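Nothing in this text is a laboratory measurement; each read-out follows from the coordinates by a stated rule. All values derive from a computational prediction rather than experimental measurement. Reconstructed Cβ throughout: ideal geometry from the backbone, glycine too, with neighbour counts over all protein chains shown.
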Amino acid sequence: MTRTTPLWLLVTAQGVVSAASLVVEIVAGRMLAPHVGMSLYTWTAVIAVVLAGFSAGHWWGGRLAEKPAPVSLRWTGGAMLAGAITTGGAVLLLPAVAGWVLHVVPQPIWSITALTALVFFLPSLFAGVPAPVLAMIAVTSTERTGPALGAMFASGAIGAIAGTLLAGFLFISWLGSSTTLVVVTAVYVASGLLFFRLGGWSGTGAEFLSSLVAVGTAIFALNAPASCDRESRYFCLRVEDISADPSDPVRLMVIDHLAHGISAARLPEVQFTEHTAMLDRLSMLRAPRAEFTSFHIGGGNYAVPRAFATRGTGEITVAEIDPAVTKMAAESFWFDPASATVLHEDGRRALLTRPEARFDIIIGDAFTDVVVPVHLVTREFFELAANRLSDGGSFLMNVIDHEDRLGALASIVATMQTVFPVVEVWTEQVQPIPGQRMVFVVVGGDVPTESDRFLASAPNQTAFGALADELVAQFVVRNGEVLTDDFAPIDRLMGRND
């Protein structure tokens, strides 16, 4: 049987399976994002789990490779059908177990790892089985074993590259995560049937029954409820109506699994979250002129740019990396794209590539308690931002940390103090609960804010104040590290690895 299996078919099969398995790896990160966010920990868990699955599959495949070729091929066909079932089943399994796993395992690192392993280990294990089996058949069915083995390794690597590129640049943004996994399921079914054909059918009907189960799983996966209203190249986006009165709409934007902003149709100047209320009001207090220019890093639901535009403050520029976010803000959150210059690129790159630009206010609004934009909290970035400020201008950014840690806040303040003569920390004036997640706005500029307290709607009337310089100095000395492009351990400073 091995002599009648051409090398090109083995090489092609290995490349296709390898490509499909890497598609699953990339999609895994996107599918996990609505439940645990897209962070360093998410990708670390995905890569580790997938590699563990591949390793276990390669070990099992190596054991199978010792069997006669027809037998090993039939076993490999079964592994591929099992891979099809578990891959399609991942679409159904993840939403079913995510809440339970995150409740039972509250520690972020272990909960992300456990959830990833529960859903994506088996698909990776089964996808790892064919490589050693096909390699063994390739080298034993030809006189030139070296080139045959090299071709199999090269095919696996090329397939992995192709799968990564196709998933990241094409499949997810055009098909969505669930449909992409269904396509992989179909590829695995076809591969499994091919291996059964090459190894000879068992005659028991097991192949047919397994194929039916795999196809049925794919059909159920296609009809599974979508977790996203819109799945872009970057995020899983969702709009939720939280209106008390349907005639007076209020909507929430959810990006991945976090609320990123609330807007009301008839109240463009009212902010519904603490951080946007502070960013909005502090910009008004610190702007060097009534009609000031502003640069916003991160659009979200565009609540602050919309408020600025309503007041007619001046030229507004927004750097929002995801065009789908801007489109959703315009469609569902009453943002007028004509009211601002929108740059669909990374905020740091947007500032870096416009050396002539100067702004009175620069706002960094890309910080969450899960996704920390490391390149936007370093000394080099703050130097860039300071260089783009006009005379008397200010830099503001939201920071989220926990009351019993403040390592991230302390380090961001310490880093900004190396660049700005004056650095202030603002937060709600209320006694925090021990361990509470707290929202801050850090301000950098040449002069202090005229007042150390203000009231703002968030949406209820809320008092915000600047922390005393002595208190800031204490936690900076205790916990602060200067962050640089070379070393910025922001995840560790936030305590997410404890």
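Details
- The alpha carbon centroids of the range 421-498 and the range 89-153 are separated by 43 Å.
- Across the range 312-331, the residues whose backbone nitrogen lies under 11 Å from the label position 7 Å along the beta-carbon direction of Glu291 are 312-315.
- Contact order relative to length of the chain, as percent, for alpha carbon pairs under 8 angstrom and 6 or more apart: 14 percent
- Database remark: amide H of Leu389 closer than 5 angstrom to the amide H of Phe359 (H placed geometrically; neighbours at sequence offset of 5 or more, or on other chains; Pro and chain starts carry no H).
- Pair Glu331, Asn387: separation of 7 Å Cα→Cβ label points (nm): 3.9 nm
- Counting only DSSP beta bridges whose two residues both lie in the chain, roughly 70 percent are antiparallel.
- Over the range 236-493, Cα pairs under 8 Å with separation of 6+ residues give a relative contact order of 17 percent.
- Only beta bridges with both residues in the range 236-493 are counted; by DSSP, about 65 percent of them are antiparallel.
- The stretch between Trp201 and Ala96 holds 34.2 nm of extra length on full extension. This uses 0.36 nm per residue minus the Cα-Cα distance.
- Take every pair of alpha-carbon atoms less than 8 Å apart whose residues are at least six positions apart; their mean separation over the length of the range 2-227 yields a relative contact order of 39 percent.
- Pairwise label distance in nanometres, Ala357 with Ala265, each label 7 Å out on the Cα-Cβ vector: 3.3 nm
- Sequence ranges 239-251, 76-88, 470-482, ranked by mean other-Cβ count within 10 angstrom, highest first: 76-88, 470-482, 239-251
- Shape category assigned to the range 9-167 from the gyration tensor of Cα positions, a/c cut at 1.5: prolate
- Computing FRET efficiency as 1/(1 + (r/R0)^6) for Ala244 and Arg144, where r is the C-beta to C-beta distance and R0 is 60 Å, gives about 0.20.
- Chain lengthening between Leu51 and Arg492 when straightened (0.36 nm per residue, less Cα-Cα): 156.4 nm
- Taking packing as the residue-averaged number of other Cβ atoms within 10 angstrom, the listed peptides 424-437, 393-406, 258-271 run from highest to lowest as 393-406, 258-271, 424-437.
- Mean Kyte hydropathy of -1.0 or more with a Cα span along the axis of at least 27 Å, helices from DSSP in the chain: 7-36, 40-65, 69-104, 108-127, 145-166, 177-199
- Rg over Rh for the chain works out to 1.07, using Cα positions for both radii and the Kirkwood form for Rh.
- The amide H of Thr462, built 1.01 Å from its N in the peptide plane, has Ala456, Ser457 as neighbours under 5 Å, considering only residues 5 or more places off or on other chains.
- Note on the chain: helix-only mean residue ellipticity at 222 nm, from DSSP H runs of 4+ residues weighted -39500 (n - 2.57) and normalised by residue number, equals -17500 deg cm²/dmol.
- Using the Cβ-Cβ distance between Gln474 and His103 with R0 set to 35 Å, the FRET efficiency from 1/(1 + (r/R0)^6) comes to roughly 0.45.
- Here the extension length gained between Thr484 and Glu450 equals 9.2 nm, from 0.36 nm per residue of separation less the Cα-Cα distance.
- At R0 = 35 Å, FRET efficiency that the Cβ-Cβ distance of Val71 and Leu175 yields, to 0.05: 0.45
- Peptides 447-456, 290-299, 177-186 ordered by average Cβ neighbours within 10 Å, highest first: 177-186, 290-299, 447-456
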